[in-house]
Amino acid sequence: MADSKVATVGGGAAPPALSGGGGGGGGGTAGAGAATAGLSADAQKAIIERYQNLRAVVANLGQAVQEADGDRAEHDLVLRQLAPLPPSRRCWHQVGSVLSTRTVGEVVPVLTAERTRLEGVMRESANRLAEAEAALAELTRTYNIRERGQGA
């Protein structure tokens, strides 16, 4: 779902051509100062779109890291609960919407492998998040972009 926020580059009110939806969270209006004074309207629009897209990427990657961390924590909890049980004991194992009976000895290696995979997803997403945040910070600094309400 796209926000209906307006971003401007160069300060002041946005002409209708610069209005538009963007991704990302938060609200307000982005504006830039003297760094963009000599840019054409098309160049300013491109900067605004890149800014909004980067904000959306940062929000999505942050959510992906949180989801993977929650899933990893859930796998850790289940593995701690299964650790003292004998490998021959029967247990329930849910994959998606399918619930089946397995032994603890069958389930523990699967859960351990999945937890390892989730840790990899978290690392990769966190690295991509750091890169996107750095790109957003660079764009913000280069063009002196401010969200409305952040001050002058």
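Of all the residues in segment 90-122, those that are of a type in the set (D, E, K, R) and either in contact (Cβ under 8 Å) with a residue 60 or more places away in the chain or over 15 Å from L79 (Cβ atoms) (or both) number 1. The single condition from (1) open to solvent by 30 Å² or more (accessible area, probe 1.4 Å); (2) touching a Leu at 6+ places or on another chain (Cβ under 6 Å) that L77 fails is (2).
Would you say T101 is in contact with a strand residue (DSSP E or B) (Cβ under 9 Å, 6 or more places away or on another chain), farther than 30 Å from T142 by Cβ, exposed (fewer than 15 other Cβ atoms within 10 Å of the Cβ) and modelled with pLDDT of 95 or more? Reasoning before the result, please.
Values: in contact with a strand residue (DSSP E or B) (Cβ under 9 Å, 6 or more places away or on another chain): yes; farther than 30 Å from T142 by Cβ: yes; exposed (fewer than 15 other Cβ atoms within 10 Å of the Cβ): yes; modelled with pLDDT of 95 or more: yes.
Yes: the conditions hold for T101.
Give A135, A130, A126 a once-over and let me know the one that is closer than 30 Å to S40 by Cα, among the aliphatic types (A, V, I, L, M), open to solvent by less than 60 Å² (accessible area, probe 1.4 Å) and assigned to a helix (DSSP H, G or I).
On the way: A130 fails: closer than 30 Å to S40 by Cα; A126 fails: closer than 30 Å to S40 by Cα.
From the options A135, A130, A126, the qualifying one is A135.
Would you check which residues across segment 138-150 are open to solvent by 50 Å² or more (accessible area, probe 1.4 Å) and either closer than 22 Å to A68 by Cα or outside any helix (DSSP H, G or I) (or both) and list them? Within segment 138-150, N144, R146, R148, G149, Q150 meet the criteria.
The values are calculated or read from the model by the stated rules, or taken from the named source; none is laboratory data. Please read all numbers here as calculations on a predicted model, not as lab measurements. Cβ sites come from the backbone with ideal geometry, for glycine too, and all protein chains shown count toward neighbours. The accessibility values were calculated without ligands, DNA or RNA, using every heavy atom of the protein model including side chains. Shrake-Rupley method; radii C 1.70, N 1.55, O 1.52, S 1.80 Å.
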